[in-house]
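Novice: There's a structure below that I have some questions on.
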Amino acid sequence: MTPRVAGGTRFLQLATLLITVVIASGCVKQPLLIPAEPATIGPYSNFSARLIAIEPKRRWQVILQWHADTPERGDLRLTHAASGTIVEFRWFGKRMQSRDNHSRLWKEVDAAQLATQGMVIPPQQLASILLGEMPNHFIEKKPNLWESSASGSLIRLQWKASSKQLTMTDTKHGRQVKLLIQP
């Protein structure tokens, strides 16, 4: 009978060990899954870039010099090498002004005028985006892809961090602007 007791004891010890392992494995802390940080762009406050605009009936490309430490204030310079045209633009608050190399006088510009020139996003919002602060009305659909209909037209932003390329698409008007930030 002793072998049975020993065998029973051994079985009981193995069963206890197995139960202990199962319980302990449930108690072991699982590695915490840290959610990925929301994708952001920038911060880019002062840079040079190529800006490529694609519209239904034309394409054009300019060199962009950008400076905006805050969304409320900034300036940019566009140089179109093919025509020799230089356009300067600045904003402070809601006030916007522009001039070109044909007239050194600053002229007031409003949002409607910008829209006719193909401006997809107002400069204050673009500055906010480039400074790493995505406006609330842009909803992240996928990593590095945001959409907004706040302007009455679906605007899509796609960021490629590896090439520092921001693509802005106005789906209603068929406009696309690619901003390629250069180091």
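Novice: Less than 10 Å Cβ to Cβ from Ala53, Lys/Arg counted +1 and Asp/Glu -1: what total charge do the surrounding residues give? Could the numbers behind the result be given before it?
Specialist: Numbers: positive: Arg58, Arg59, Arg175, Lys178; negative: Glu55.
Result for the neighbourhood of Ala53: +3.
Novice: How many percent of all Cα-Cα pairs in region 46-181 sit more than 25 Å apart?
Specialist: Working: 2016 of 9180 pairs.
Every Cα pair in region 46-181 considered, those over 25 Å come to 22 percent.
Novice: Around Asp110, under 15 Å between beta carbons, what's the net of Lys plus Arg minus Asp minus Glu among the other residues? Don't skip to the end; give the middle numbers.
Specialist: Details: positive: Arg90, Lys94, Arg95, Lys107; negative: Glu108.
After counting each charged neighbour, the total is +3.
Novice: Just subtract the alpha-carbon distance of Ser162 and Thr79 from 0.36 nm times their residue separation and send over the number in nm, one decimal.
Specialist: Here the segment from Ser162 to Thr79 would lengthen by 27.4 nm.
Novice: Let me ask something else. In region 48-80, which residues have a backbone nitrogen under 15 Å from the label point lying 7 Å from Ile86's Cα in the Cα-to-Cβ direction?
Specialist: Hits in region 48-80 for Ile86 at 15 Å: 63-66, 76-80.
Novice: A follow-up question, please. From the protein chains alone at 1.4 Å, what is the descending order of accessible area for Phe92, Phe47, largest first?
Specialist: Working: Phe92 60, Phe47 15 Å².
The residues order as Phe92, Phe47, largest area first.
The values are calculated or read from the model by the stated rules, or taken from the named source; none is laboratory data. Computed from a predicted structure; not experimentally measured. Every residue, glycine as well, gets a Cβ built from its backbone with ideal geometry; the counts of neighbours run over all protein chains shown. We work out accessible area using only protein heavy atoms, side chains counted, and drop any ligands, DNA or RNA first. Shrake-Rupley method; radii C 1.70, N 1.55, O 1.52, S 1.80 Å.
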